[in-house]
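Peer 1: Here it is, the structure, as structure tokens.
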Amino acid sequence: MILSGREIVQRMGDQIEIEPFDPARVNPNSYNLSLHDELMVYEEVVLDMAKANRVRRIAIPPEGMVLSPNQLYLGRTAERTATNGLVPQIEGRSSVGRLGLFVHVTAGFGDAGFAGYWTLEMFAVQPVRIYAGIEICQIIYHELCGQVDAYASKYQHNHDIQPSLMFEELDPEHQNDPQLPLNFGLERSHS
């Protein structure tokens, strides 16, 4: 079950935190989140899951910035969110999607208990100019059935754009070590 906009407002401070919160951004069944003023791009030609890939920061100027096709841009929401006992999900706004801009490549779901800023995996179908502060995506809250384990992840309580930390899950030097369990270094995180 997805919470209505009114229910989101009722659960603020108890199960939902959105900082800063603006009542004008409440929709019938979601809340609009905005784009922070900085992006990050990878500098590697080939990205390697087993290592930290180099990144470069780009400030979005007041006149906006044109995103190029075939380039992944990492951004983040200006708002920090936290949930307790609900599953948060972000989706692009339809007005943004109609410009050919994807705001998440695959990672739209958060975990119950997630607290932090949402990293946006932005990809443009054709050149599109973006602006800091634009309401770029919406957050939706789902009810959750069953007991929830405490959320712990390498992305919990982030304060910045988060490039992939998948390398923390992998340990190429020890993957074939017969002394280690078969799933060593491959434990799935919550994000």
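All of the numbers you see were taken from the coordinates with simple rules; none came from a lab. Everything quoted here is computed from the prediction, not taken from an experiment. Quick reminder, even Gly has a Cβ in these numbers, built from the backbone with ideal geometry, and neighbours come from all protein chains shown.
Peer 1: Can you work out the PRE-style zone for Q126? Point 7 Å along Cα to Cβ, and I want the residues of segment 66-102 with backbone N under 16 Å.
Peer 2: Under cut-off, by backbone N: 66-70, 96-102.
Peer 1: Using r as the Cβ-Cβ distance of Q71 and H157, and R0 as 35 Å, what FRET efficiency do you calculate, to the nearest 0.05?
Peer 2: With R0 = 35 Å, the Cβ-Cβ based efficiency is 0.75.
Peer 1: In square nanometres, what is one fourth of the surface area of the convex hull spanned by the alpha carbons of segment 5-168?
Peer 2: 10.1 nm²
Peer 1: Let me check against my output: what whole-number percent is the relative contact order of segment 5-168, with C-alpha pairs under 8 Å and at least 6 apart?
Peer 2: Here the relative contact order equals 30 percent.
Peer 1: Per residue, what volume in Å³ does the convex hull of the Cα atoms of segment 55-152 enclose?
Peer 2: 109 Å³
Peer 1: Work out the charge dipole of the chain with +1 on the Cβ of Lys and Arg and -1 on the Cβ of Asp and Glu about the Cα centre, then indicate which of M65, V148, H104 is farthest towards its positive end.
Peer 2: M65
Peer 1: Going by Cα centres, segment 19-52 and segment 85-104 are how many Å apart?
Peer 2: Using only Cα atoms to place each centre, the spacing works out to 10 Å.
Peer 1: Can I ask one more? At 0.36 nm per residue, minus the direct Cα-Cα distance, what do S95 and A115 gain on full extension? Give it in nm, one decimal, please.
Peer 2: Separation in residues times 0.36 nm, less the Cα-Cα distance, equals 4.5 nm.
Peer 1: If amide hydrogens are placed 1.01 Å from N in the peptide plane, which non-local residues have theirs closer than 5 Å to the one on L86?
Peer 2: G113
Peer 1: Would you list S94, S153, S164 from fewest to most Cβ contacts within 10 Å?
Peer 2: Ascending Cβ contact count within 10 Å gives the list S94, S153, S164.
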